[in-house]
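The block underneath contains the structure these notes are about, expressed in structure tokens.
Read-outs: derived from the displayed coordinates by stated rules, not from any lab. Only a predicted model underlies this, so the values are computations on that prediction, with no experimental measurement involved. In this analysis, Cβ positions are derived from the backbone assuming ideal geometry, glycine residues included, and neighbour counts consider all displayed protein chains.
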Amino acid sequence: MNTMLRMASLISSVAKSSEFAGRKHARDEEGGDLNDGVGGKDKNTNNGTDGAMKKRKARTCIEQGCGEMSRGASGKCIAHGGGRQCDEPGCDKPSRDAHGKCIAHGGGRRCEEPGCDKLSRGASGKCKAHGGGRRCNEPNCERPSRDASGKCTAHGGGKRCNVHGCNKLSQSTSGKCNGHGGGRRCDEPGCERSTQSKSGKCIAHGGGQRCVEPGCNKSSLGLSNKKCHAHGGGRRCDEPGCKKIRRGVSSKCSAHDVHQV
């Protein structure tokens with residue numbers, strides 16, 4: 001009886017050894033490991049990563065020289081017409097939020113200052129005029145920076161007019177400043193001045209914000225009081241007792257600025 005039991009145990013051990021050897025041989029042929037499938041798993045994971053990288057690379061904007069990510073099935077980035085468009089009739093600008101509107105038609109987050117409907121910048125919740133976005137890196141300058149240089153318009157930031165010898169800021173895609181024909185023009189017949197705000201008119205024809213003083217139709221300056229020069233609008237000279245207007249990037253009027261005297 002004992003002999004029969006020992007024979008049965010021996011046969012069972014041989015069978016298990018044969019099965020183990022067969023499994024090992026199959027795993028070796030597949031390039032895996034007997035103890036785990038790490039080798040094959042890593043290989044599949046790498047293939048998936050490579051595929052995702054190729055897919056991401058293929059989603060670059062199809063416009064020549066543009067490296068921005070494409071949006072939607074168009075194969076183009078937002079700047080070149082990709083993604084959802086504003087749902088306002090006749091507007092082909094990109095929508096900026098779930099409401100389907102572009103910035104000009106109210107899309108995107110707005111400044112949290114009372115009465116201001118401009119676009120907010122960064123995490124501040126405010127527009128550039130109210131302190132949102134990056135500031136100029138020049139000492140004591142609180143104006144918004146215009147590009148990667150970290151400088152405001154007055155200190156050299158932003159794109160410049162492409163007319164030889166002109167250092168003014170270029171407007172829109174023309175590459176020219178307002179004085180040389182860049183930007184939008186007044187829609188009054190025969191007027192070639194630049195428009196102010198969304199009115200479609202220049203300052204002389206009523207464009208831009210007006211002074212809040214009763215009966216005054218002059219252009220307002222600054223955001224603090226929305227008044228014209230004559231009624232105290234704009235930045236004032238910081239000399240004690242002087243109420244004249246500052247000039248350029250200086251903190252003083254023309255009479256007190258030593259660089260202009």
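Computed quantities for the displayed model
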{"quantity": "Linear extension gain, Ala123 paired with Gln64, 0.36 nm per residue minus alpha-carbon span", "calculated": "18.0 nm"}
{"quantity": "Protection proxy ranking of 162-168, 65-71, 124-130 - average other beta-carbon atoms within 10 Å, highest first", "calculated": "124-130, 65-71, 162-168"}
{"quantity": "Packing-based exposure ordering (other Cβ within 10 Å, fewest first) of Thr173, Thr60, Thr195", "calculated": "Thr173, Thr60, Thr195"}
{"quantity": "Links that overshoot a 18 Å alpha carbon limit, given the list Lys128/Lys168; Lys128/Lys151; Lys126/Lys198; Lys101/Lys198", "calculated": "Lys128/Lys168; Lys126/Lys198"}
{"quantity": "Label point distance in nm, His231-Ser172, each placed 7 Å from Cα along Cα→Cβ", "calculated": "3.1 nm"}
{"quantity": "Total formal charge among the other residues, if their Cβ is under 15 angstrom from that of Lys159, Lys/Arg +1 and Asp/Glu -1", "calculated": "+4"}
{"quantity": "Under 12 Å, Cβ to Cβ, from Gly207 - net charge with Lys/Arg +1 and Asp/Glu -1", "calculated": "+4"}
{"quantity": "Sorted by Cβ density within 10 Å, fewest first, the residues Lys151, Lys218", "calculated": "Lys218, Lys151"}
{"quantity": "Phi to ³J(HN,Hα) by Karplus 6.51 cos²θ - 1.76 cosθ + 1.60 over region 210-219, Hz, x for Gly, Pro", "calculated": "9, 4, 7, 5, x, x, 9, 10, 6, 6"}
{"quantity": "Most to least packed among 111-123, 91-103 [average Cβ atoms within 10 Å]", "calculated": "91-103, 111-123"}
